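The values are calculated or read from the model by the stated rules, or taken from the named source; none is laboratory data. Everything quoted here is computed from the prediction, not taken from an experiment. No Cβ is skipped: glycine too gets one built from the backbone with ideal geometry, and neighbour counts run over all protein chains shown. Note: areas computed on protein heavy atoms with side chains; ligands, DNA, RNA excluded. Shrake-Rupley method; radii C 1.70, N 1.55, O 1.52, S 1.80 Å.
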Amino acid sequence: MYRLQNIDTDVFLKEYWQKKPLLIRQGFTDFHDPIDEHELAGLTEEESVDSRIVNNQAGTWEVAHGPYDDINEHCLGKWSLLVQSVDHFVPDADSLMNTFDFIPLWRMDDLMVSYSNAGAGVGPHLDQYDVFIIQGKGSRRWQVGLPSDYEAVRPHCDLSQISGFKAVIDEVLTAGDIIYIPANHPHNGVALEPCMNYSVGFRAPSQQEMLSSFADYAIDNNLLSNRYQDQALSARKFSGEIKQQEVAQFKALLAESLQSDAFEKWLPTFLSDNKKAEDESNQQIEEFSEQAIMEMLESGEYFYRASGIKPIFVEPKTTCEPSSSFTFHIAGEAYTGPVESADLVKRFLSEPFITEEFIADEDGQPQYILHNHFTALLTMLVNKGHWYIEE
């Protein structure tokens, strides 16, 4: 179990988040790696795993993407193995990522894990997202600078680097240290010895990505069918001319779609979607009856949220907004329940695991007895593979 230390999260969010980098010494004391380099290499044999090896031999950069027939063929010179979404496959890696839940779940993307030999790195570069990088075993020197106009360098078609930058942080990290790097801040990490690193990345969807997804949602659900209409159309000197008033009308028509109920229904669907649902679709999942789940709750079984699952729900527009149901989303799918159970369900969704004690009321009585819907909901989520019982 990981516990984040030596950081005041309120101060961090106010003074550092998306503003400036921060070194957190011993953010995890007595840190233990949730995975080793051999297990990490084993993941790269799977087609569903996104992995790459970046190596540098005598100044020449190469990038090889997995899966690999023989991974050793690519581990040449100074090399790094990088594997995306390890939190989806390794429960302990998911637990490590969950320690950063003072950032909303919908903002989190995945945990990338890397193993590097001495002298290896991927070169100085920029990322378009915020990241916490946790040092595992070994040590690495990190240099971080401030945003500016840097010259792009492409030593390989799959590598985007930048020219030199002035470091405002230049430190060696050892096991348990953390460095926070905001988006668009240049950085460069070089392993001083064989080492593991864990990068907690955050979603920063682009306008293009969001508009594309929203358009697909509207098409799939036959929404946003309002058409353009003229307002005070008049004759003009040039028939091919679009008047500024008409440009404004087109903008207003599109803006209307962003203010629609369709947008509010699409957003949690979009933010809760992830690769995990695709991975689960081909898995055989043991199904339980509601009575069996009730008995497990009564016996104090732990129910764990599956790795990579990010439940999302939207704050009501007003505290007085009338509603008879509470809706949340998992992996792009909507679920509803009675509003009377909303507080209990919100607590459940926001924690990585639950026990009988967790859902007990102030008198120690299990609330799932008072809220029959909760047991039915938990049964459905377990049977979908979104929660599981540890064997």
Calculated volume of the Cα convex hull per residue in Å³ (choose from [x] 211; [y] 177; [z] 148), label: [x]
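Compute the FRET efficiency between residue 149 and residue 30 as 1/(1 + (r/R0)^6), taking r as their Cβ-Cβ distance and R0 = 51 Å, and round to the nearest 0.05.
Numbers: r = 42 Å, r/R0 = 0.83.
E(calc), rounded to 0.05, equals 0.75.
Using only the alpha carbon atoms of segment 58-202, find the Kirkwood hydrodynamic radius as the inverse mean reciprocal pair distance, in angstroms to one decimal. Please report the intermediate quantities before stating the final value.
Values: mean 1/r = 0.0627 Å⁻¹.
Every distinct Cα pair counted, the radius reaches 16.0 Å.
Ignoring ligands, DNA and RNA, what accessible area per residue does segment 1-131 give at 1.4 Å, in Å²? Provide the component values of the computation, followed by the final result.
Working: 6460 Å² over 131 residues.
On a per-residue basis, segment 1-131 sits at 49 Å².
Using 31 Å as the Cα-Cα cut-off, could you pick out the over-long pairs in 20/310; 166/310; 19/317; 251/317; 19/137? Working shown, then result.
Values: 20/310 27 Å; 166/310 37 Å; 19/317 29 Å; 251/317 25 Å; 19/137 29 Å.
Table pairs above 31 Å Cα-Cα are 166/310.
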Separation between Cα centres of segment 233-247 and segment 150-189, rounded to whole Å: 51
Karplus-derived 3J(HN,Hα), 6.51/-1.76/1.60, for each residue of segment 179-189, Hz, glycine and proline x: 10, 9, 10, x, 4, 6, 9, x, 8, 8, x
Translational diffusion of segment 178-303, µm² s⁻¹ [Kirkwood Rh, Cα pairs; Stokes-Einstein; 37 °C; 0.692 mPa s]: 154
Whichever aspartates and glutamates have a C-alpha closer than 18 Å to that of residue 14, once near sequence neighbours (fewer than 8 apart) are set aside: 101, 130
